[in-house]
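The values are calculated or read from the model by the stated rules, or taken from the named source; none is laboratory data. It should be emphasised that the depicted structure is a prediction, and the values quoted were computed from it without experimental measurement. Glycine also receives a Cβ, built like all others from the backbone with ideal geometry; neighbour counts cover every protein chain displayed.
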Amino acid sequence: MWGKWKRKQQRKKEENKERHVLNQRNVSLLELRQAIYRYMNNLPDGIELQTIINEDNTIDYELLSPYLGAIPIETYYMSKETYEVFEEHDYHLVLDIDRIQQAVDKYMKQMSELPVIEGDPFNKVNFYKLEKAGLLKERPDRVFYMTEDEYMITHRQPERK
């Protein structure tokens, strides 16, 4: 008797899964960021936002689907270090951000100072300091800046103070 009931429940679950297949559609970067924000606000204690970032920095759309109501057609990437979201054409920027942020974090642990160009009004990251400390093998093609926010880096030049 219980075996029959269990099989019936299993069939119901499978039918519900089939009905809940989501369509793909265009999702804007803003819409995706809003879904990530809602997802983040509903995370249980002890679970980090990084759970939605796949190994290749793509975003796990299955986890976001309840907040989007669809699976994005576009490919978006997310930094594992800063949690910034980027469109497909900025993939190398995501990799650079993660690499430089890791080097900056290690540098600060080793040297107890920020690896910035002294006197620079925008707090540009000093790649020479990172190279000298053995933390950076190859310089990125762009400039990065230290933010006021928890020693995070950004590719956006800050405004003058």
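Yes/no per residue for (1) outside the structural domain of GLN24 (by TED's automatic domain parsing); (2) of a type outside the set (Lys, Arg); (3) assigned to a loop (DSSP other than H, G, I, E, B); (4) surrounded by 12 or more Cβ atoms within 10 Å (Cβ to Cβ):
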{"site": "GLN101", "(1), (2), (3), (4)": "yes, yes, no, yes"}
{"site": "LYS129", "(1), (2), (3), (4)": "yes, no, no, yes"}
{"site": "VAL143", "(1), (2), (3), (4)": "yes, yes, yes, yes"}
{"site": "ARG160", "(1), (2), (3), (4)": "yes, no, yes, no"}
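The requirement of being of a type in the set (Gly, Ala, Ser) and assigned to a helix (DSSP H, G or I) is fulfilled somewhere in the range 103-123, by at least one residue.
When GLU62 is tested against (1) assigned by TED's automatic domain parsing to the domain that holds SER28; (2) acidic (Asp, Glu); (3) not in a helix (DSSP H, G or I), only condition (3) is not met. Just name the residue that is surrounded by the fewest Cβ atoms within 10 Å (Cβ to Cβ) out of those in the range 32-80 that are modelled with pLDDT of 95 or more and charged (D, E, K, R). Ranking the candidates gives GLU55 first. In this structure, GLU81 does not qualify as within 21 Å of ARG25 (Cα to Cα) and part of a loop (DSSP other than H, G, I, E, B).
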